[in-house]
Structures are given as C-alpha cells and as structure tokens.
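Chemist: Handing you a structure now.
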Amino acid sequence: AKNHGRNRVQVYSDQLESPTADKLVLENDLYKALERDELRLHFQPQFDCASGQIIGAEALLRWEHDGKLVPPMDFIPFAEETGLIVPMGEWVLRESCRKAQAWHLRTGWPLRIAVNLSAVQLEHTDIANTVARVLTETGLPPTMLELEITETVVVRESLRAADILTQLRSLGVSIAIDDFGVGYSSFGYLRELPVDRFKLDRSFLMAVPQSEGDCRLAAALIAMAHRLNVGIVAEGVENEEQLAFLKDHGCDEAQGYHLGRPMKEDAFEAMLVEHSRL
Ligand code: C2E
Ligand code: CA
Ligand code: CA
Ligand code: CA
C-alpha cells in the first residue's frame, strides 16, 4: 500500500491555496534544505515522574522555509519517499549528540537525548555503523543517547528489527518504542525485542482521568511495561490531572505541553543552566 500519509494531504488542502503547485515547490525546495542550512531542532524536556527532575529531551525536527517553520508531518513523508530522510536523519543524529554533549559539559546534567529514527534509516542504511561513527565524532557517551523507533516499524515483518536493535544496544545506547500501544498487530513481539523503554502514545492519555475505561487501559499498559522490565514514558501530558494519574500508577517518566513544550536550543539550554548542577 502506498503510504502517502493522510496528515500530509490534509495539511496541504487545509492550509495552502493551490495544493498541487505549492506542494511541488515545497518538495523541490526540500532537496536544498540541508545545504541551505534550513533544518532546525527543537527540544522537548522529559521528566522523572517521582522526582520532577529533567532527565532528558526529545529532539524534534523542523524546517525553516520562507521564514516559516514547517512541522515534520508536512515534509518527513516526502523525505522518506525520496530517501532524503537518510542525510536529514544523520544530520539530526549528529546535531542532537553534539548539543547534548555541549550541554552536559556546561551544566553537569547527564541528559539523555532522544532521537527519532525513520523506518527508512533502519531498512536501507547501516544504522548501527552511523550511530557508532556519530558517537565517536561528537564524544557523547553512548548511555546518553536514546533512539526512538515506532512500534509499527518494529513489528514489520520485512525488517530484522530484533537484530538491528541488538546491534544498536551493543553500542551502549538505549532504545525506546515510540507510539507504544497504537500500531501492534500482536503482543508477541514484546517478548523478543531488546528495548529499554516504551513511549505510551498520547492517545491513551487524552481522556484520562475522565474516562474510566481509558484510565484502566493506561494503568494496564504501565503495569505491563513494568512486568516486562521495561521503563515507560508517557507522552502528551497536557494537564495536572494526567500527571497525578501517572504518578499514582508508577509511570517512570513524562513528557508533554504541561511540563514543557518543544523549544529552541537556546531556550532549552537556558532552562538547563537555571537548574545547573555545577
Ligand atoms: P513523535 O515522535 O510522536 O513526537 C511527539 C510529537 O508530539 C511532537 O510533534 C511533539 O511536539 C508533540 N507533543 C509533545 N507534547 C505534546 C502534548 O502535550 N500535546 C500534544 N498534542 N502534542 C505534543 P512534532 O514535533 O510535530 O513531531 C511529529 C512527528 O514527526 C514525531 O512524532 C515524529 O514521528 C516525527 N519526527 C519529528 N522529528 C523527527 C526526526 O528528527 N526524524 C524522524 N524520522 N521523525 C521525526
Ligand atoms: Ca518520538
Ligand atoms: Ca511518540
Ligand atoms: Ca506520535
């Protein structure tokens, strides 16, 4: 099946006046985004639920095009179709590691930087080799890097996911299963995969605490992670009630607008410096 993301079509038809022409211009310009230095990273903090401390950040890609920030859902699908995601993804990885290492040295925070990997990077490149090279280049300790891989990618049969994750983990980096609970076709994969953390998809939190059914489901997924000896981070935490629920149910970590929005690197660094451990 052709994977022209529904999001993409929707965004173009909602926001642009002549979808086809504008889309072509955008796609054509994407080829030049890297050399024109138009890619940006935003960083969203991740918190330990029990202590309230910042323990990490997720790097989120943005494209600065004609003075506007284009969100990833508007260009990543095209970047994946064309293979552009390979050099872009490597740029994201290198920049994220470089930043995390600089922040670590400046503030004393042993921050865990989380980087999203695309299916294309796993299927068509030697990703373990790339990660090893970037870690050497940037000097970031491997334990400070986490790679986020979506559940749909991991259960895909064509991919020898377990092998790739094992290679990555042997480098000393950690692996998080992104959008956990959304894309599975069976729970079988859970017993085989070498992973460190699940990222509970925000769809599970949206109706917490109003919906009793959703509360039970979220609580069950947290408990399941723990029974499997895997950590769990909740994403999309938008209010105090959700945070209280997560604390009550022993969720390890939380990320979301209520705790901190994705921010530019200088804003993120300022926040770290403010809480500096040095
Ligand atoms: P994701 O990995 O699930 O990232 C979380 C998304 O949720 C981010 O959207 C983030 O801004 C948003 N978010 C965070 N907290 C909240 C909240 O409390 N409420 C709501 N409603 N949303 C929240 P963003 O930055 O637009 O990224 C969208 C997706 O694009 C990401 O989903 C990820 O799949 C992809 N993406 C982003 N950066 C990269 C990248 O460097 N490489 C790859 N391959 N994909 C990326
Ligand atoms: Ca992610
Ligand atoms: Ca996610
Ligand atoms: Ca998601």
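Chemist: Per residue, how big is the convex hull around the C-alpha atoms of the range 113-203? Give it to me in cubic angstrom, could you?
Modeler: 88 Å³
Chemist: Straight-line reach only, C-alpha to C-alpha below 29 angstrom: list the lysines that Lys23 could link to, leaving out same-chain residues fewer than 8 apart.
Modeler: Answer for Lys23, where 29 Å is the Cα cut-off: Lys2, Lys32, Lys68, Lys264, listed by chain and number.
Chemist: Relative contact order for the chain: what is it in percent, counting Cα pairs under 8 Å that are at least 6 residues apart?
Modeler: RCO, the chain: 18 percent.
Chemist: Could you list the trypsin sites (Lys or Arg not before Pro) in the range 32-109 that lie in coil according to DSSP, counting only those with at most 13 other Cβ atoms within 10 Å of their Cβ?
Modeler: Arg36
Chemist: Could you list, bin by bin from short to long, the percent of Cα-Cα pairs of the range 15-143 in 10 Å steps?
Modeler: 11, 38, 32, 15, 4, 0
Chemist: Can you show me the helix-derived [θ] at 222 nm for the chain, built from DSSP H runs with n ≥ 4 at -39,500 (n - 2.57) apiece and divided by the number of residues, rounded to the nearest 500.
Modeler: The helix-only estimate for the chain comes to -13500 deg cm²/dmol at 222 nm.
Chemist: Can you run phi through the Karplus equation (6.51, -1.76, 1.60; θ = phi - 60°) for the range 44-50 and list ³J(HN,Hα) in whole Hz, with x for Gly and Pro?
Modeler: 10, x, 10, 10, 6, 5, 6
Chemist: When the expected Rg is taken as 2.2 N^0.38 Å, what fraction or multiple of it is the alpha-carbon Rg of the chain?
Modeler: That works out to 1.00 for the chain.
Chemist: Expressed as a rounded percentage, what relative contact order does the range 222-278 have, with Cα pairs under 8 Å and six or more residues apart?
Modeler: Relative contact order, the range 222-278: 32 percent.
Chemist: Additional query: Can you bin the range 136-278 into rounded, prolate or oblate? Criterion: square roots of the alpha carbon gyration tensor eigenvalues sorted a ≥ b ≥ c, rounded for a/c under 1.5, prolate for a/b above b/c, oblate for the rest.
Modeler: In terms of gyration-tensor shape, oblate.
Chemist: Another question about this same structure. Karplus couplings for the range 65-81 from phi (6.51 cos²θ - 1.76 cosθ + 1.60, θ = phi - 60°), rounded to Hz, Gly and Pro as x?
Modeler: Karplus values, whole Hz, x for Gly and Pro: 10, 6, x, 10, 8, 8, x, x, 5, 8, 9, 5, x, 5, 4, 6, 4.
Chemist: Would you mind checking which residues have amide H under 5 Å from Gly56's amide H? H placed 1.01 Å from N; only 5 or more apart, or other chain.
Modeler: When sequence neighbours closer than 5 places are left aside, the close amide H contacts are Gln46, Arg112.
Chemist: Please work out the Cα center distance from the range 133-209 to the range 20-61, rounded to the nearest Å.
Modeler: Comparing the Cα centres of the range 133-209 and the range 20-61, I get a distance of 19 Å.
Every read-out reported here was derived from the displayed coordinates using simple, explicitly stated rules and does not represent laboratory data. Keep in mind that what you see is a predicted model, and the values were worked out from it rather than measured. Don't worry about glycine lacking a Cβ; one is built from the backbone with ideal geometry, like all the others, and counts go over all protein chains shown.
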